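As structure tokens, the structure follows; a few thoughts come after it.
The values are calculated or read from the model by the stated rules, or taken from the named source; none is laboratory data. Please read these numbers as outputs of a predicted model, since none were measured by experiment. Virtual Cβ from ideal backbone geometry, glycine too; neighbours counted across all protein chains shown. Heavy atoms of the whole protein, side chains included, go into the accessibility calculation; ligands, DNA and RNA do not. Shrake-Rupley method; radii C 1.70, N 1.55, O 1.52, S 1.80 Å.
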Amino acid sequence: METRRQRLAVLVSGRGSNLEALAKSVRSGLLAPLAEIVVVASNRPAAPALVKARTLGLSTLCLPSKGREREDFDAELAERLAGYRPDWIALAGYLRILSPVFVRRFPGRIVNVHPADTRQHQGLHGYQWAFERGLAETKVTVHLVDEGLDTGRIVAQRAVDLRGAGSLEEVERRGLAVEHALYPEA
Ligand code: GRF
């Protein structure tokens, strides 16, 4: 039986709350016996998530995407990440669509957390989408990443109760709490 801990590369662009949730789980939670974070990579040098990663003592890789041609950037990022021999690439607020050159390098091995049901809402602003529709419930989704926009196979989903949530901030607060539990579990 395979007992080796799975090597995770986490990709971030922004705040990094899901990165923190994953790191916490790896350190002392569900993921502790199962996984290790071998690198946190960002396309944005100013991402607060990078600061969080360093504070957590994780290896970081910063490869600025600004001004670069997409395929070129993705090919270099894939190559650099491959050097860490990751078993899984976990997107955690990574604000770029991955081109086929990247996806094909890690087929079936890229996961993402999405703030809506990917069958109902794709792309950005999932909580705003739910809030503006006055939904009583939305669903956080963890899915595999394929070459489409949020079209990969769903791995896990959990409902977020939005009844009585009177602001976008409240919708987001409730949603993120579910994301932070569901992503490490998935
Ligand atoms: C989360 O809502 C996630 O579902 C979406 O982007 C946001 C990232 O937040 N893909 P954070 O950077 O993990 O705090």
Exercise for review: Output the number of residues of segment 27-53 satisfying the condition of being open to solvent by less than 60 Å² (accessible area, probe 1.4 Å) and touching a residue at least 60 places away in the same chain (Cβ under 8 Å).
Suggested key: 2
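Which residues, taken from segment 80-94, are among the charged types (D, E, K, R) and either on the phi > 0 side of the Ramachandran plot or open to solvent by 50 Å² or more (accessible area, probe 1.4 Å) (or both)? Lay out the reasoning, then the answer.
Taking segment 80-94 as the starting set, the residues that turn out to be among the charged types (D, E, K, R) are 80, 85, 87.
Scanning segment 80-94 gives Arg80, Arg85.
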Practice item. Filter segment 138-171 for residues that are closer than 16 Å to Asp117 by Cβ, surrounded by 14 or more Cβ atoms within 10 Å (Cβ to Cβ) and not β-branched (Val, Ile, Thr) and give the result. Key: Lys139, His143, Leu144, Asp150, Gly152, Ala156, Gln157, Arg158, Leu162
Review point. Restricting the search to segment 1-58, which residues are away from the ligand (no atom under 13 Å from the Cβ), under 17 Å from the mean Cα position of the chain (by Cα) and basic (Lys, Arg)?
Key: Arg7
Exercise for review: Those residues that are of a type in the set (A, V, I, L, M), assigned to a loop (DSSP other than H, G, I, E, B) and touching a helix residue (DSSP H, G or I) at 6+ places or on another chain (Cβ under 8 Å), I need them from segment 112-157; list them, please.
Suggested key: Ala116, Val145
**Study point:** Test set (1) open to solvent by 50 Å² or more (accessible area, probe 1.4 Å); (2) part of a loop (DSSP other than H, G, I, E, B); (3) modelled with pLDDT of 95 or more - Ile97 fails condition number
**Key:** (3)
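Determine whether segment 105-116 contains at least one residue that is over 19 Å from Gln157 (Cβ atoms) and of a type in the set (A, V, I, L, M). Even if it seems obvious, please write down each step before you answer.
The initial filter retains those residues of segment 105-116 that are over 19 Å from Gln157 (Cβ atoms), namely 105-107, 109.
Within this subset, residues satisfying the condition of being of a type in the set (A, V, I, L, M) are none.
Checked against the condition, which is being over 19 Å from Gln157 (Cβ atoms) and of a type in the set (A, V, I, L, M), segment 105-116 yields no hits at all.
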Check your understanding: Taking interchain pairs and intrachain pairs at least six residues apart, which have beta carbon atoms under 7 angstrom, with the first residue in segment 106-129 and over 21 Å from Arg163 (Cα atoms) and the second among the aromatic types (Phe, Trp, Tyr)?
Key -> Arg109/Trp88; Val111/Trp88; Val113/Tyr183
Review point. Scanning segment 92-102 for residues that are touching a helix residue (DSSP H, G or I) at 6+ places or on another chain (Cβ under 9 Å) and within 16 Å of the ligand (Cβ to nearest atom), which turns out farthest from Arg68 (Cα to Cα)?
Key: Ala92
Review point. So which of Val140, Val111 ends up being within 16 Å of the ligand (Cβ to nearest atom) and within 22 Å of Ala41 (Cβ to Cβ)?
Key: Val111
